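*Asks:* I am attaching a structure below and will ask some questions about it afterwards.
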Amino acid sequence: MTAPVLAGRKEVAAQPRRRTRRRTNDRLVGWLLVTPAVAYFVVFLVYPALSALYYSFTDWNLRSAAHWVGLANYADLFFDDVKYPHFWKSVRVTLQYTLIAVPLTMVSALVQALLVNAIRRGANLFRLLLFLPVVTAEAAVGAIWRWLYDPQYGLINSMLGLIGIPGQNWLNTPELVIPALAFISAWQCGISMIIYLAGLKGIPATIREAAIIDGAGPWQRFWRVIVPMLRPTTFYLLVTGVIAALQVFGLVYVIFSGSGRSVTGGPEQSGLSYVLHLYLFAFRYDAMGAACAMSFILLAFIMIITALQFRFVKQEAS
(Lines give C-alpha, C1' and ligand atoms only; values in the text may rest on other atoms or scores of the structure.)
Protein backbone atom coordinates (compact mmCIF):
# COMPACT_ATOMS: atom_id res chain seq x y z
CA MET A 1 0.00 0.00 0.00
CA THR A 2 2.96 2.32 0.62
CA ALA A 3 4.13 2.50 -3.00
CA PRO A 4 0.74 3.49 -4.47
CA VAL A 5 0.27 6.12 -1.75
CA LEU A 6 3.70 7.66 -2.43
CA ALA A 7 3.04 7.62 -6.17
CA GLY A 8 -0.29 9.35 -5.64
CA ARG A 9 1.30 12.01 -3.47
CA LYS A 10 4.00 12.64 -6.09
CA GLU A 11 1.35 12.95 -8.79
CA VAL A 12 -0.63 15.42 -6.68
CA ALA A 13 2.52 17.42 -5.97
CA ALA A 14 3.45 17.47 -9.68
CA GLN A 15 0.08 18.86 -10.82
CA PRO A 16 0.67 22.44 -9.53
CA ARG A 17 4.08 22.47 -11.25
CA ARG A 18 2.51 21.39 -14.54
CA ARG A 19 -0.20 24.04 -14.22
CA THR A 20 2.44 26.69 -13.47
CA ARG A 21 4.50 25.55 -16.46
CA ARG A 22 1.41 25.60 -18.69
CA ARG A 23 0.50 29.12 -17.57
CA THR A 24 4.07 30.26 -18.22
CA ASN A 25 3.98 28.77 -21.71
CA ASP A 26 0.61 30.39 -22.39
CA ARG A 27 1.95 33.79 -21.32
CA LEU A 28 5.03 33.32 -23.49
CA VAL A 29 2.92 32.40 -26.50
CA GLY A 30 0.66 35.40 -25.82
CA TRP A 31 3.62 37.79 -25.70
CA LEU A 32 5.03 36.30 -28.90
CA LEU A 33 1.70 36.87 -30.63
CA VAL A 34 1.35 40.51 -29.55
CA THR A 35 5.04 41.41 -30.02
CA PRO A 36 4.68 42.42 -33.72
CA ALA A 37 1.75 44.72 -32.91
CA VAL A 38 3.55 46.21 -29.91
CA ALA A 39 6.70 46.73 -31.99
CA TYR A 40 4.71 48.44 -34.74
CA PHE A 41 2.96 50.65 -32.17
CA VAL A 42 6.22 51.69 -30.52
CA VAL A 43 8.35 52.13 -33.66
CA PHE A 44 5.82 53.76 -35.98
CA LEU A 45 3.48 55.57 -33.55
CA VAL A 46 4.97 56.22 -30.11
CA TYR A 47 8.53 57.05 -31.20
CA PRO A 48 7.51 59.44 -34.02
CA ALA A 49 4.98 61.15 -31.73
CA LEU A 50 7.55 61.66 -28.95
CA SER A 51 10.13 62.81 -31.50
CA ALA A 52 7.68 65.33 -32.95
CA LEU A 53 6.91 66.58 -29.45
CA TYR A 54 10.63 67.13 -28.84
CA TYR A 55 11.20 68.84 -32.18
CA SER A 56 8.24 71.16 -31.56
CA PHE A 57 10.45 72.85 -28.95
CA THR A 58 13.37 73.23 -31.37
CA ASP A 59 14.41 75.18 -34.44
CA TRP A 60 15.06 72.43 -37.03
CA ASN A 61 15.18 72.44 -40.82
CA LEU A 62 15.82 68.67 -41.41
CA ARG A 63 19.40 69.32 -42.59
CA SER A 64 21.21 70.78 -39.61
CA ALA A 65 21.14 69.94 -35.93
CA ALA A 66 18.06 70.94 -33.97
CA HIS A 67 18.43 73.88 -31.57
CA TRP A 68 16.30 74.05 -28.43
CA VAL A 69 14.06 77.13 -28.37
CA GLY A 70 11.49 76.10 -25.77
CA LEU A 71 8.00 77.50 -26.30
CA ALA A 72 9.15 80.00 -28.93
CA ASN A 73 7.54 78.08 -31.82
CA TYR A 74 4.16 78.03 -30.09
CA ALA A 75 4.37 81.70 -29.11
CA ASP A 76 5.42 82.77 -32.61
CA LEU A 77 2.61 80.79 -34.25
CA PHE A 78 0.00 82.45 -32.06
CA PHE A 79 1.36 85.99 -31.88
CA ASP A 80 3.95 86.68 -34.64
CA ASP A 81 1.98 87.73 -37.71
CA VAL A 82 5.15 88.70 -39.55
CA LYS A 83 6.88 85.35 -39.22
CA TYR A 84 3.71 83.28 -39.71
CA PRO A 85 1.29 85.56 -41.60
CA HIS A 86 -1.12 82.83 -42.72
CA PHE A 87 -1.42 80.75 -39.54
CA TRP A 88 -4.72 82.23 -38.37
CA LYS A 89 -5.93 82.31 -41.97
CA SER A 90 -5.46 78.53 -42.17
CA VAL A 91 -7.32 78.14 -38.86
CA ARG A 92 -10.29 80.15 -40.16
CA VAL A 93 -10.33 78.27 -43.47
CA THR A 94 -10.31 74.90 -41.70
CA LEU A 95 -13.08 75.90 -39.29
CA GLN A 96 -15.23 77.24 -42.14
CA TYR A 97 -14.66 74.07 -44.14
CA THR A 98 -15.58 71.93 -41.12
CA LEU A 99 -18.77 73.88 -40.42
CA ILE A 100 -19.92 73.42 -44.03
CA ALA A 101 -18.51 70.01 -44.98
CA VAL A 102 -19.53 67.98 -41.92
CA PRO A 103 -23.29 68.80 -41.94
CA LEU A 104 -23.41 68.59 -45.74
CA THR A 105 -21.69 65.19 -45.73
CA MET A 106 -23.95 63.81 -43.00
CA VAL A 107 -27.12 64.99 -44.75
CA SER A 108 -25.93 63.56 -48.06
CA ALA A 109 -25.05 60.25 -46.40
CA LEU A 110 -28.41 60.01 -44.63
CA VAL A 111 -30.37 60.77 -47.81
CA GLN A 112 -28.40 58.15 -49.74
CA ALA A 113 -28.87 55.59 -46.95
CA LEU A 114 -32.63 56.21 -46.90
CA LEU A 115 -32.85 55.78 -50.67
CA VAL A 116 -30.76 52.59 -50.69
CA ASN A 117 -32.73 51.21 -47.74
CA ALA A 118 -35.97 51.73 -49.66
CA ILE A 119 -34.72 49.83 -52.72
CA ARG A 120 -35.81 46.22 -52.92
CA ARG A 121 -33.89 45.18 -56.05
CA GLY A 122 -30.34 46.13 -56.94
CA ALA A 123 -29.49 47.56 -53.50
CA ASN A 124 -26.03 45.99 -53.56
CA LEU A 125 -25.26 47.62 -56.92
CA PHE A 126 -26.27 51.04 -55.65
CA ARG A 127 -24.20 50.56 -52.49
CA LEU A 128 -21.20 49.74 -54.66
CA LEU A 129 -21.70 52.75 -56.92
CA LEU A 130 -22.14 55.14 -54.00
CA PHE A 131 -19.07 53.75 -52.25
CA LEU A 132 -16.76 54.07 -55.28
CA PRO A 133 -15.80 57.73 -54.56
CA VAL A 134 -14.32 56.61 -51.24
CA VAL A 135 -11.92 54.07 -52.76
CA THR A 136 -10.97 56.26 -55.74
CA ALA A 137 -7.45 57.68 -55.51
CA GLU A 138 -7.37 61.30 -54.36
CA ALA A 139 -5.17 62.25 -57.30
CA ALA A 140 -7.87 61.02 -59.67
CA VAL A 141 -10.61 62.69 -57.62
CA GLY A 142 -8.75 66.01 -57.69
CA ALA A 143 -8.16 65.83 -61.43
CA ILE A 144 -11.81 64.98 -62.13
CA TRP A 145 -13.16 67.77 -59.96
CA ARG A 146 -10.75 70.32 -61.40
CA TRP A 147 -12.33 69.53 -64.76
CA LEU A 148 -15.87 69.57 -63.36
CA TYR A 149 -15.24 73.00 -61.83
CA ASP A 150 -13.50 74.39 -64.93
CA PRO A 151 -15.10 77.77 -65.71
CA GLN A 152 -15.10 77.24 -69.50
CA TYR A 153 -15.35 73.49 -70.13
CA GLY A 154 -16.56 72.12 -66.79
CA LEU A 155 -19.64 69.94 -66.61
CA ILE A 156 -21.08 71.82 -63.61
CA ASN A 157 -21.18 75.18 -65.40
CA SER A 158 -22.58 73.49 -68.51
CA MET A 159 -25.44 72.01 -66.47
CA LEU A 160 -26.09 75.35 -64.76
CA GLY A 161 -26.23 77.00 -68.19
CA LEU A 162 -28.99 74.62 -69.29
CA ILE A 163 -31.28 76.00 -66.58
CA GLY A 164 -30.31 79.62 -67.12
CA ILE A 165 -27.89 80.02 -64.21
CA PRO A 166 -24.58 81.70 -65.10
CA GLY A 167 -21.45 79.63 -64.55
CA GLN A 168 -18.95 80.40 -61.81
CA ASN A 169 -15.18 80.37 -61.57
CA TRP A 170 -15.40 77.96 -58.64
CA LEU A 171 -11.76 77.39 -57.75
CA ASN A 172 -10.55 80.93 -58.49
CA THR A 173 -13.21 82.86 -56.56
CA PRO A 174 -12.26 83.08 -52.85
CA GLU A 175 -15.88 83.01 -51.66
CA LEU A 176 -16.63 79.79 -53.59
CA VAL A 177 -13.53 77.73 -52.81
CA ILE A 178 -14.65 76.35 -49.43
CA PRO A 179 -18.20 75.46 -50.59
CA ALA A 180 -16.69 73.75 -53.64
CA LEU A 181 -14.38 71.66 -51.45
CA ALA A 182 -17.23 70.87 -49.06
CA PHE A 183 -19.35 69.62 -51.95
CA ILE A 184 -16.59 67.18 -52.91
CA SER A 185 -16.54 65.94 -49.33
CA ALA A 186 -20.30 65.37 -49.47
CA TRP A 187 -19.80 63.44 -52.71
CA GLN A 188 -17.30 61.17 -50.91
CA CYS A 189 -19.75 60.19 -48.15
CA GLY A 190 -19.78 56.46 -48.91
CA ILE A 191 -18.48 55.34 -45.51
CA SER A 192 -21.00 57.51 -43.66
CA MET A 193 -23.74 56.21 -45.95
CA ILE A 194 -22.87 52.59 -45.12
CA ILE A 195 -22.86 53.36 -41.38
CA TYR A 196 -26.21 55.15 -41.60
CA LEU A 197 -27.58 52.22 -43.60
CA ALA A 198 -26.49 49.83 -40.85
CA GLY A 199 -28.24 52.09 -38.33
CA LEU A 200 -31.44 52.05 -40.38
CA LYS A 201 -31.33 48.26 -40.57
CA GLY A 202 -31.07 48.18 -36.77
CA ILE A 203 -34.32 50.08 -36.18
CA PRO A 204 -36.96 47.48 -35.18
CA ALA A 205 -39.76 47.13 -37.73
CA THR A 206 -42.28 47.06 -34.88
CA ILE A 207 -41.53 50.70 -34.03
CA ARG A 208 -42.20 51.83 -37.59
CA GLU A 209 -45.37 49.73 -37.75
CA ALA A 210 -46.58 51.25 -34.49
CA ALA A 211 -45.98 54.75 -35.89
CA ILE A 212 -47.96 53.89 -39.04
CA ILE A 213 -50.83 52.51 -36.96
CA ASP A 214 -50.84 55.72 -34.90
CA GLY A 215 -51.32 57.67 -38.13
CA ALA A 216 -47.81 59.12 -38.52
CA GLY A 217 -47.00 60.29 -42.04
CA PRO A 218 -43.65 59.84 -43.82
CA TRP A 219 -42.20 63.11 -42.47
CA GLN A 220 -43.40 62.40 -38.93
CA ARG A 221 -41.95 58.88 -39.06
CA PHE A 222 -38.65 60.30 -40.26
CA TRP A 223 -38.47 63.10 -37.69
CA ARG A 224 -40.07 61.33 -34.71
CA VAL A 225 -38.80 57.78 -35.21
CA ILE A 226 -35.81 57.49 -37.54
CA VAL A 227 -33.85 60.56 -36.43
CA PRO A 228 -34.09 59.81 -32.67
CA MET A 229 -33.25 56.14 -33.20
CA LEU A 230 -30.20 57.10 -35.28
CA ARG A 231 -28.82 59.39 -32.57
CA PRO A 232 -25.86 57.10 -31.62
CA THR A 233 -24.95 56.69 -35.30
CA THR A 234 -25.21 60.42 -35.91
CA PHE A 235 -23.05 61.16 -32.88
CA TYR A 236 -20.35 58.77 -34.05
CA LEU A 237 -20.34 60.24 -37.56
CA LEU A 238 -20.29 63.77 -36.14
CA VAL A 239 -17.22 63.09 -33.99
CA THR A 240 -15.28 61.25 -36.70
CA GLY A 241 -16.41 63.71 -39.38
CA VAL A 242 -15.18 66.73 -37.42
CA ILE A 243 -11.82 65.04 -36.77
CA ALA A 244 -11.43 64.20 -40.47
CA ALA A 245 -12.47 67.68 -41.63
CA LEU A 246 -10.00 69.38 -39.31
CA GLN A 247 -7.24 67.28 -40.92
CA VAL A 248 -8.24 67.77 -44.58
CA PHE A 249 -5.14 67.78 -46.75
CA GLY A 250 -4.93 65.43 -49.71
CA LEU A 251 -7.82 66.79 -51.73
CA VAL A 252 -6.79 70.42 -51.20
CA TYR A 253 -3.20 69.63 -52.11
CA VAL A 254 -4.16 67.84 -55.34
CA ILE A 255 -6.68 70.43 -56.52
CA PHE A 256 -4.43 73.44 -55.94
CA SER A 257 -1.17 71.92 -57.18
CA GLY A 258 -2.11 71.02 -60.75
CA SER A 259 -0.58 72.38 -63.93
CA GLY A 260 2.71 73.27 -62.27
CA ARG A 261 1.17 75.75 -59.86
CA SER A 262 2.74 76.25 -56.46
CA VAL A 263 0.62 75.04 -53.58
CA THR A 264 -0.77 78.08 -51.77
CA GLY A 265 -4.35 76.98 -51.16
CA GLY A 266 -6.01 78.80 -54.03
CA PRO A 267 -6.70 82.50 -54.55
CA GLU A 268 -5.88 84.63 -51.52
CA GLN A 269 -5.16 81.39 -49.61
CA SER A 270 -8.93 80.81 -49.47
CA GLY A 271 -8.36 77.04 -49.50
CA LEU A 272 -5.27 76.97 -47.28
CA SER A 273 -6.27 74.29 -44.80
CA TYR A 274 -4.42 73.90 -41.52
CA VAL A 275 -2.71 70.62 -42.43
CA LEU A 276 -1.73 71.95 -45.87
CA HIS A 277 -0.16 74.94 -44.11
CA LEU A 278 1.61 72.52 -41.76
CA TYR A 279 2.92 70.53 -44.75
CA LEU A 280 4.26 73.68 -46.41
CA PHE A 281 6.19 74.67 -43.29
CA ALA A 282 7.62 71.18 -42.91
CA PHE A 283 8.73 70.49 -46.49
CA ARG A 284 8.70 73.79 -48.39
CA TYR A 285 9.79 76.43 -45.87
CA ASP A 286 12.31 74.27 -43.93
CA ALA A 287 10.60 74.92 -40.60
CA MET A 288 10.05 71.42 -39.24
CA GLY A 289 10.08 72.63 -35.64
CA ALA A 290 7.18 74.99 -36.30
CA ALA A 291 5.35 72.26 -38.23
CA CYS A 292 5.67 69.89 -35.27
CA ALA A 293 4.33 72.61 -32.99
CA MET A 294 1.38 73.09 -35.35
CA SER A 295 0.65 69.36 -35.23
CA PHE A 296 0.38 69.37 -31.43
CA ILE A 297 -1.75 72.51 -31.46
CA LEU A 298 -4.11 70.65 -33.79
CA LEU A 299 -4.04 67.59 -31.52
CA ALA A 300 -4.98 69.70 -28.48
CA PHE A 301 -7.77 71.43 -30.42
CA ILE A 302 -9.21 68.11 -31.66
CA MET A 303 -9.18 66.73 -28.12
CA ILE A 304 -11.01 69.81 -26.81
CA ILE A 305 -13.63 69.71 -29.59
CA THR A 306 -14.18 65.98 -29.10
CA ALA A 307 -14.56 66.39 -25.33
CA LEU A 308 -17.14 69.17 -25.88
CA GLN A 309 -19.08 66.93 -28.25
CA PHE A 310 -19.16 64.14 -25.69
CA ARG A 311 -20.30 66.62 -23.08
CA PHE A 312 -23.06 68.48 -24.93
CA VAL A 313 -24.28 66.33 -27.84
CA LYS A 314 -26.97 63.73 -27.14
CA GLN A 315 -25.77 60.19 -27.76
CA GLU A 316 -28.61 57.89 -26.65
CA ALA A 317 -31.36 56.70 -28.96
CA SER A 318 -34.87 57.72 -27.97
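*Asks:* Any residue in the range 213-230 that is among the charged types (D, E, K, R) sitting within a Cβ distance under 8 Å of a residue that is assigned to a helix (DSSP H, G or I)? List the pairs, counting only those 6 or more apart or interchain.
*Replies:* R221/R208; R221/A211; R221/I212; R224/A211
*Asks:* Here is a follow-up. Starting from the range 273-295, take each residue that is more than 25 Å from V242 (Cβ to Cβ) and list its partners that are among the charged types (D, E, K, R) and surrounded by fewer than 19 Cβ atoms within 10 Å (Cβ to Cβ), counting only C-beta distances under 8 angstrom and pairs at least six apart or across chains.
*Replies:* Pairs that qualify, where the first residue is more than 25 Å from V242 (Cβ to Cβ) and the partner is among the charged types (D, E, K, R) and surrounded by fewer than 19 Cβ atoms within 10 Å (Cβ to Cβ), are D286/R63; G289/D59.
*Asks:* What number of residues within the range 187-245 satisfy the criterion of being over 30 Å from L276 (Cα atoms), of a type in the set (G, A, S) and out of contact with any Pro (no Cβ under 9 Å at 6 or more places or on another chain)?
*Replies:* Of the residues in that region, 8 qualify.
*Asks:* Exactly one of these conditions fails for W219: (1) under 20 Å from the mean Cα position of the chain (by Cα); (2) assigned to a helix (DSSP H, G or I). Give me its number.
*Replies:* Unmet condition: (1).
*Asks:* Here's a follow-up. Can you name the residue in the range 165-182 that is free of Cβ contacts under 8 Å to residues at least 60 places away in the same chain and assigned to a helix (DSSP H, G or I) and is also surrounded by the fewest Cβ atoms within 10 Å (Cβ to Cβ) among such residues? Break it down into steps so the answer makes sense when it comes.
*Replies:* Step one: of the range 165-182, the residues free of Cβ contacts under 8 Å to residues at least 60 places away in the same chain are 165-170, 176, 180.
Then drop every residue that is not assigned to a helix (DSSP H, G or I), which leaves 170, 176, 180.
Values: W170: 21, L176: 17, A180: 19.
Here the residue is L176.
*Asks:* Consider the range 183-192. How many of its residues are among the polar types (S, T, N, Q) and not in a loop (DSSP other than H, G, I, E, B)?
*Replies:* Here is the first cut: in the range 183-192, the residues among the polar types (S, T, N, Q) are 185, 188, 192.
Within this subset, residues satisfying the condition of being not in a loop (DSSP other than H, G, I, E, B) are 185, 192.
Counting residues in the range 183-192 that are among the polar types (S, T, N, Q) and not in a loop (DSSP other than H, G, I, E, B) gives 2.
*Asks:* Moving on. Could you say whether any residue in the range 99-108 is farther than 29 Å from S257 by Cα, touching a residue at least 12 places away in the same chain (Cβ under 8 Å), hydrophobic (A, V, I, L, M, F, W, C) and in a helix (DSSP H, G or I)?
*Replies:* Pass one, the range 99-108, residues farther than 29 Å from S257 by Cα: 107.
Right, trim to touching a residue at least 12 places away in the same chain (Cβ under 8 Å) and you get 107.
Still in the list and also hydrophobic (A, V, I, L, M, F, W, C): 107.
Filter once more, so that each one left must be in a helix (DSSP H, G or I): 107.
Yes.
*Asks:* Okay, moving on. Kindly indicate whether L251 is open to solvent by less than 20 Å² (accessible area, probe 1.4 Å), part of a helix (DSSP H, G or I) and hydrophobic (A, V, I, L, M, F, W, C). Show your work before the answer.
*Replies:* Working: open to solvent by less than 20 Å² (accessible area, probe 1.4 Å): yes; part of a helix (DSSP H, G or I): yes; hydrophobic (A, V, I, L, M, F, W, C): yes.
Criteria met by L251.
*Asks:* May I pose another question? Taking only pairs six or more apart or across chains, which ones have beta-carbon atoms under 6 Å, a first residue in the range 188-203 that is open to solvent by 10 Å² or more (accessible area, probe 1.4 Å), and a second residue that is in a loop (DSSP other than H, G, I, E, B)?
*Replies:* What qualifies is G199/L230.
*Asks:* Here's something else I'd like to know. Which one of these is surrounded by fewer than 12 Cβ atoms within 10 Å (Cβ to Cβ) and among the polar types (S, T, N, Q): S64, S56?
*Replies:* Working: S56 fails: surrounded by fewer than 12 Cβ atoms within 10 Å (Cβ to Cβ).
Exactly one residue qualifies, and that residue is S64.
*Asks:* May I pose another question? Can you find a residue in the range 230-240 that is open to solvent by 50 Å² or more (accessible area, probe 1.4 Å), over 23 Å from A182 (Cβ atoms) and at pLDDT 90 or above?
*Replies:* Here is the first cut: in the range 230-240, the residues open to solvent by 50 Å² or more (accessible area, probe 1.4 Å) are 231-232, 236, 240.
Now narrow it down to the ones that are over 23 Å from A182 (Cβ atoms): 231-232.
Still in the running and at pLDDT 90 or above: 231-232.
Looking through the range 230-240, at least one residue is open to solvent by 50 Å² or more (accessible area, probe 1.4 Å), over 23 Å from A182 (Cβ atoms) and at pLDDT 90 or above.
*Asks:* Also: Considering only the range 141-164, state which residues are in contact with a helix residue (DSSP H, G or I) (Cβ under 9 Å, 6 or more places away or on another chain) and either free of Cβ contacts under 8 Å to residues at least 60 places away in the same chain or over 22 Å from G266 (Cβ atoms) (or both).
*Replies:* Here is the first cut: in the range 141-164, the ones in contact with a helix residue (DSSP H, G or I) (Cβ under 9 Å, 6 or more places away or on another chain) are 141-143, 145-151, 153-157.
W147, L148, Y149, D150, P151, Y153, G154, L155, I156, N157, listed by residue number.
*Asks:* List pairs: first residue in the range 111-136 and within 15 Å of Q188 (Cβ to Cβ) and free of Cβ contacts under 8 Å to residues at least 40 places away in the same chain, second residue part of a loop (DSSP other than H, G, I, E, B) and open to solvent by less than 50 Å² (accessible area, probe 1.4 Å) anywhere in the structure, Cβ distance under 6 angstrom, at least six positions apart or on different chains.
*Replies:* none
*Asks:* Oh, and also: If you scan the range 264-318, which residues turn out to be open to solvent by less than 50 Å² (accessible area, probe 1.4 Å), part of a helix (DSSP H, G or I) and of a type in the set (S, T, Y)?
*Replies:* Correct list: Y274, S295, T306.
The values are calculated or read from the model by the stated rules, or taken from the named source; none is laboratory data. Quick caveat: nothing in here was measured; it's all calculated off a predicted structure. Counting neighbours? That spans all protein chains shown, and the Cβs are built from the backbone with ideal geometry, glycine included. Ligands, DNA and RNA are excluded from the accessible area calculation, which covers all protein heavy atoms including side chains. Shrake-Rupley method; radii C 1.70, N 1.55, O 1.52, S 1.80 Å.
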